[in-house]
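Asks: Right, I'll just put the structure down here and ask away after.
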Amino acid sequence: MSSSTEWPLWEIFVRSRRGLSHTHAGSLHAPDAEMALRNARDLYTRRSEGVSLWVVPAAAITASSPDEKDSFFEPAGDKPYRHPTFYDIPEGVKHL
Amino acid sequence: MATRRTIESNEPNDRSGGSLRSRGTEMATAAAQKAAETEPGGAGSTAARAAEQQAAFDEAVAADERIEPRDWMPDAYRTSLIRQIAQHAHSEIIGMQPEANWITRAPSLRRKAILMAKAQDEAGHGLYLYSAAETLGVSRDELLDKLHSGRQKYSSIFNYPTLTWADVGAIGWLVDGAAITNQVPLCRCSYGPYARAMIRVCKEESFHQRQGYESLLALSRGTQAQHEMAQDAVNRWWWPSLMMFGPPDEESSHSEQSMTWKIKRHSNDELRQRFVDICVPQAESLGLTLPDPDLKWNEARGHHDFGPIDWTEFWDVLKGNGPCNDQRITQRRRAHEEGAWVREAAAAYATKQAGAPRADTAATAHGEATA
Ligand SMILES: [Fe+2]
Ligand SMILES: [Fe+2]
């Protein structure tokens, strides 16, 4: 009798206060975007944890594969010169 | 391997090289799950590949890194997590029943509002945990079905009745207290989504415990009859609360492997001892006693000794013979069945809306700013 009409999965992003970006908080099931928003409010902001919510259909997310993590992110690995700490600056030089 | 350490990073301004990856791996989509499983691989290299994956997993666990949904993990690790998280989720939602029993009869509007907020939190905890379980590739329907058919369990503590209002206080203090003792170490569990769910849960639990303690304190300091009611509730909930930590270490079937996998961080007996040591002074401040004549401070051990636990009772309740097993599961099934039309109507409405032209705000997205 309970037909398998499982509601789709949504990923929930919460902006905890103005000035911060939305951060992934978790996921939930809801029949549509509007209900996802309402459920997200009740589930992830019961204690004023947010001032703004995004709900995204989980199926719409494309993620990089964990298997290719080394090769995929490798290009950044040998470029320490992209970090300020790479550079030697004489003692006493200020504002740099 | 400097890039390894950023897996758990949620810092918005993390400046280290590889931090982008942590965002992507948070996502726990069923589609992603499938993609990972259907990875192509030559037949010859399969064994070498398996060994490599196992080694990477062992290394990550040993280094206290988190395993994320799309990482390779041993089947037994996955199964064990599903069992534990599902049982945990079921406990949260079944756990609403004994307390909900008193919502309509709470002695004041203040207590009623508090109790409703607590019950709503427990529903939320259930949902956090079901989501965490789903990242392992089981569906919500499947989990609920296993609960309803008795193929997955929930904590036996909820098979005891709430006979008086004081039981609500005793549950908050002792049952939520024991749950917190269990859950705090789970915040460092090796499986990322479970650990993150537990962090949210633990933040919310401390209100549960404090409201229970406050409520019991009011009764304990009230009339003689109120004091006796509080004492009676503590007498009935104390031993079942100690059983919440599970069987003694030498009889606990899952413990050792769970510790190796860093799903669990402390043994059942260790956590039980910690809980007893915490409760003894708290009971004193309440002006109530704990129903154990053998309970006393052991200077040499630096812990309280306590009397033997009636494990026959524990196994009996677990088998289904507790005072409320039938009532709890029957009520859960009924709620699910009676809610079927709501779920179906909402799904039908969503389908209908999806066909109609959209007039909502999402149609006017500006880059980052639907906000
Ligand atoms: Fe809870
Ligand atoms: Fe709780």
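The values are calculated or read from the model by the stated rules, or taken from the named source; none is laboratory data. Model, not experiment: these values are computed from the prediction. We place every Cβ from the backbone using ideal geometry, glycine too, and count neighbours over all the protein chains shown. Remember, those area values only see protein heavy atoms, side chains included, never the ligands or the DNA or RNA. Shrake-Rupley method; radii C 1.70, N 1.55, O 1.52, S 1.80 Å.
Asks: Name the single residue that is modelled with the highest pLDDT among those in the range B:247-266 being open to solvent by less than 20 Å² (accessible area, probe 1.4 Å) and in contact with an Asp or Glu (Cβ under 9 Å, 6 or more places away or on another chain).
Replies: Here the answer is B:Pro248.
Asks: Can you tell me which condition B:Tyr154 does not meet? The list is (1) in contact (Cβ under 8 Å) with a residue 24 or more places away in the chain; (2) over 18 Å from the mean Cα position of the chain (by Cα), and all the others hold.
Replies: With (1) in contact (Cβ under 8 Å) with a residue 24 or more places away in the chain; (2) over 18 Å from the mean Cα position of the chain (by Cα) applied to B:Tyr154, the lone miss is (2).
Asks: While we're on this one: Restricting attention to the range A:3-15, does a residue exist that is under 25 Å from B:Glu344 (Cβ atoms) and either touching a Phe, Trp or Tyr at 6+ places or on another chain (Cβ under 6 Å) or among the basic types (Lys, Arg) (or both)?
Replies: Taking every residue of the range A:3-15 in turn, at least one turns out to be under 25 Å from B:Glu344 (Cβ atoms) and either touching a Phe, Trp or Tyr at 6+ places or on another chain (Cβ under 6 Å) or among the basic types (Lys, Arg) (or both).
Asks: Take the residues of the range B:98-153 that are of a type in the set (A, V, I, L, M) and part of a loop (DSSP other than H, G, I, E, B): which is surrounded by the most Cβ atoms within 10 Å (Cβ to Cβ)?
Replies: Looking at residues that are of a type in the set (A, V, I, L, M) and part of a loop (DSSP other than H, G, I, E, B), I get B:Leu136.
Asks: While we're looking at this one, here's another question. I'm trying to understand the selection: among the residues of the range B:184-203, which are within 12 Å of ligand 2 (Cβ to nearest atom) and open to solvent by less than 10 Å² (accessible area, probe 1.4 Å)?
Replies: Matches in the range B:184-203: B:Val201 only.
Asks: Here's something else I'd like to know. When the residues of the range B:157-179 are filtered to those that are more than 20 Å from B:Met116 (Cβ to Cβ) and more than 16 Å from ligand 1 (Cβ to nearest atom), which remaining residue is most open to solvent (accessible area, probe 1.4 Å)?
Replies: That would be B:Leu163.
Asks: Within the bounds of the range B:230-243, is there any residue that is in a helix (DSSP H, G or I), at pLDDT 95 or above, among the aromatic types (Phe, Trp, Tyr) and within 19 Å of the chain's Cα centre (by Cα)?
Replies: no
Asks: Do we have any residue at all in the range B:122-133 that's more than 13 Å from ligand 2 (Cβ to nearest atom) and over 14 Å from the mean Cα position of the chain (by Cα)?
Replies: Looking for residues that are more than 13 Å from ligand 2 (Cβ to nearest atom) and over 14 Å from the mean Cα position of the chain (by Cα), one finds none in the range B:122-133, hence no.
Asks: Within the range B:59-88, track down each residue that is open to solvent by 20 Å² or more (accessible area, probe 1.4 Å) and either without any contact (Cβ under 8 Å) to a residue 24 or more places away in the chain or within 14 Å of another protein chain (Cβ to nearest Cβ) (or both).
Replies: B:Glu59, B:Ala62, B:Glu65, B:Arg66, B:Arg70, B:Asp71, B:Trp72, B:Asp75, B:Thr79, listed by residue number.
Asks: Among the residues of the range A:1-57, which ones are facing chain B (nearest Cβ under 9 Å), open to solvent by 70 Å² or more (accessible area, probe 1.4 Å) and assigned to a helix (DSSP H, G or I)?
Replies: A:Glu34, A:Met35, listed by residue number.
Asks: Related question: Could we say that B:Ala283 is assigned to a loop (DSSP other than H, G, I, E, B) and over 23 Å from the mean Cα position of the chain (by Cα) here?
Replies: The answer is no for B:Ala283.
Asks: If you go through the range B:187-205 one residue at a time, how many are within 12 Å of ligand 1 (Cβ to nearest atom) and under 24 Å from B:Asp269 (Cβ atoms)?
Replies: Of the residues in that region, 4 qualify.
Asks: Further, regarding this structure: Among (1) within 15 Å of ligand 1 (Cβ to nearest atom); (2) out of contact with any Gly (no Cβ under 7 Å at 6 or more places or on another chain), where does B:Gly150 come up short?
Replies: (1) is the only condition that B:Gly150 fails.
Asks: Within the range B:205-224, can you find the residues that are within 15 Å of ligand 2 (Cβ to nearest atom), of a type outside the set (A, V, I, L, M, F, W, C) and open to solvent by 10 Å² or more (accessible area, probe 1.4 Å)?
Replies: B:Ser206, B:Gln209, B:Arg210, B:Gln211, B:Tyr213, B:Glu214 - these are the residues of the range B:205-224 that are within 15 Å of ligand 2 (Cβ to nearest atom), of a type outside the set (A, V, I, L, M, F, W, C) and open to solvent by 10 Å² or more (accessible area, probe 1.4 Å).
Asks: Right, here's the next one. So the check is Cβ under 7 Å with 6+ separation or different chains; which pairs have a first residue in the range B:197-208 that's facing chain A (nearest Cβ under 8 Å) and a second one that's outside any helix (DSSP H, G or I) and near ligand 2 (Cβ under 10 Å from one of its atoms)?
Replies: Every condition considered, no pair remains.
Asks: List the helices (runs of 4 or more DSSP H) inside the range B:304-361, counting only whole elements, that have at least 3 residues being within 12 Å of chain A (Cβ to nearest Cβ).
Replies: Result: B:325-338, B:340-355.
Asks: For B:Asn182, only one of the following conditions fails: (1) within 14 Å of chain A (Cβ to nearest Cβ); (2) within 16 Å of ligand 1 (Cβ to nearest atom). What is its number?
Replies: With respect to (1) within 14 Å of chain A (Cβ to nearest Cβ); (2) within 16 Å of ligand 1 (Cβ to nearest atom), B:Asn182 is out only on (1).
Asks: Being farther than 29 Å from B:Glu344 by Cβ and touching a Gly at 6+ places or on another chain (Cβ under 6 Å): is that true of B:Gly192 here?
Replies: no
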